[in-house]
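Chemist: Here you go, one structure.
FYI, it's all coordinate maths here, none of it is from the lab. Just so you know, these numbers come straight off a predicted model, no measurement behind them. Neighbour counts run over all protein chains shown; Cβ positions are idealised from the backbone, glycine included.
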Amino acid sequence: MSGTNRTDETDRDARVHRLEFTVEWPPGHAAAYVIPGDEPILIDAGTPGERGAEELRAELDDHGYAPSDIDHVVLTHGHTDHVGQTPTLLEAGSPTVYAPTQLRDRYERDMETVAERTRTNLLEAGLEPEYLDSASDRLLSAHRTVREALPADAVDVWIDDDPFTVGTREIDPIYSPGHHISHSCFGTTLDGDRVVFSGDMAMEPFRAPSLLVNFDDGVEDSVRTFYATLERLKTYQFERVFPGHGPVHDRYEKCLDRSIADLESKLEQCLDRIESGRVTAFQIAAERAGTKRGISRILAETVGLVEYLEDGGAVRSVLDDGVRFYESK
């Protein structure tokens, strides 16, 4: 496990215990949090698989808990590194599981439809035909892994926009899509301080990619949605942020401003590239990534970036044999 971002601040704070799970991408961990009390609450549930289960047990044990001690599991969004150990917790005890209602809505799309639209959208983005099968399979595997770790019938409470009570604690959900269509942040009060469990928003020193729906229908809305979320999050104030990656911090507004500035920088880069010649979203992503292996985490965002530019009138696009090309106006 990566302990490089485990801060003394967090460990001194008896109100919240931080758990870390290993992931294969920077910063090397995903974080979950236990809010102690008569009914302990776990915010997010780590990574799937046996290693994740071992880390869950070890991390809980470090703070005097076993998986069976967790009474409530509150999930920020439907990515595997945030819902992965829900089965372990359900096998060990009988926690009440809470998840954003938008995740249930995604589950209502059958996998055959998701597969068909994913292939169409990958082709439109400019992915070379020989890579369509492998890319589509990888994306669909991510959908299936989430559904296996968190099937709809495992969720007891579907979270909407209204405040909800977990045990004796009131939590304010803030719907915050962009990184994922189901993403919610959770605000609450700890000893008089307003804090937020922010999932993959308001992290430092980086911004989560705009994935929204991976490559299902709606991929083109990723950056537009992310922008709107960042502006909405700025209407809130929090004294402490407990993010899903990176350190616990007290720089909520600065992190949001940094994310907005980063999106604006990426838009400028995309515009510069389009002005230099006709190009697909895949070609832009490949140039940004430097390697084909690095494209996977930025291709969906790149589609969102170029669509945002087109919506704003900065560029135009042409669909040619199922492939969309962008060019200067």
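Chemist: Using a Förster distance of 51 Å, how high is the FRET efficiency between residue 132 and residue 39, based on the Cβ-Cβ distance and rounded to 0.05?
Modeler: About 0.60, to the nearest 0.05.
Chemist: Please work out the FRET efficiency for the pair residue 319 and residue 264, using the Cβ-Cβ distance as r and a Förster radius of 25 Å; give the result to the nearest 0.05.
Modeler: 0.35
Chemist: Sticking with this structure for a sec: Counting other C-beta atoms within 10 Å, which of 235, 22 has the fewest, and how do the rest follow?
Modeler: 235, 22
Chemist: Now for a separate question. Between the range 266-329 and the range 206-255, how far is it from one alpha carbon centroid to the other, in angstrom?
Modeler: If we compute the Cα centre of each part, the gap is 22 Å.
Chemist: Between residue 297 and residue 54, what length in nm is gained on full extension when 0.36 nm per residue of separation is reduced by their alpha carbon distance?
Modeler: Additional length available on full extension: 84.8 nm.
Chemist: Compute the distance in nm between two label points, each set 7 Å from the Cα along the Cα-to-Cβ direction, one at residue 251 and one at residue 278.
Modeler: 4.4 nm
Chemist: Here's another thing I want to ask about it. Which trypsin sites (Lys or Arg not before Pro) from the range 100-200 combine a DSSP loop assignment with at most 15 other Cβ atoms within 10 Å?
Modeler: 109
Chemist: Same structure again: Going through the range 146-227, which chymotrypsin sites (Phe, Trp or Tyr not before Pro) have at most 15 other Cβ atoms within 10 Å and a DSSP loop state?
Modeler: In loop regions of the range 146-227 (DSSP not H, G, I, E or B), the sparsely surrounded chymotrypsin sites (Phe, Trp or Tyr not before Pro) are 206.
Chemist: Points 7 angstrom from Cα along the Cβ direction at residue 101 and residue 164: gap in nanometres?
Modeler: 1.0 nm
Chemist: Report the charge-dipole magnitude of the chain in Debye, nearest 20, computed about the Cα centre from +1 at each Lys and Arg Cβ and -1 at each Asp and Glu Cβ.
Modeler: About 780 debye.
Chemist: Kindly provide the GluC sites (Glu not before Pro) of the range 56-145 that DSSP labels as loop, not H, G, I, E or B, and whose Cβ sees at most 10 other Cβ atoms within 10 Å.
Modeler: When the GluC sites (Glu not before Pro) of the range 56-145 are filtered for loop state and at most 10 Cβ neighbours within 10 Å, 108 remain.
Chemist: Once the dipole of the chain is set up with Lys and Arg at +1 and Asp and Glu at -1 on Cβ about the Cα centre, which of 261, 132, 42 lies farthest towards its positive end?
Modeler: So the residue we want is 261.
Chemist: What FRET efficiency comes out for the pair residue 328/residue 66, r = Cβ-Cβ distance, R0 = 45 Å, nearest 0.05?
Modeler: Step by step, r from the Cβ atoms, then E = 0.15.
Chemist: If you look for lysine pairs in the chain that are eight or more places apart or on different chains, how many of them have Cα atoms under 30 Å apart?
Modeler: 6
Chemist: Sort 111, 201 so that the residue with the fewest other Cβ atoms within 10 Å of its own Cβ comes first and the one with the most comes last.
Modeler: By the 10 Å Cβ count, ascending, the order reads 111, 201.
Chemist: Counting other beta carbons within 10 Å of each Cβ, put 319, 140, 212 in order, fewest first.
Modeler: Fewest-to-most Cβ neighbours within 10 Å comes out as 319, 140, 212.
Chemist: Let me ask you something else. Can you tell me how much longer the chain between residue 193 and residue 236 gets when fully stretched, taken as 0.36 nm per residue apart minus their C-alpha distance, in nm with one decimal?
Modeler: Residue separation times 0.36 nm, minus the Cα-Cα distance, leaves 14.1 nm.
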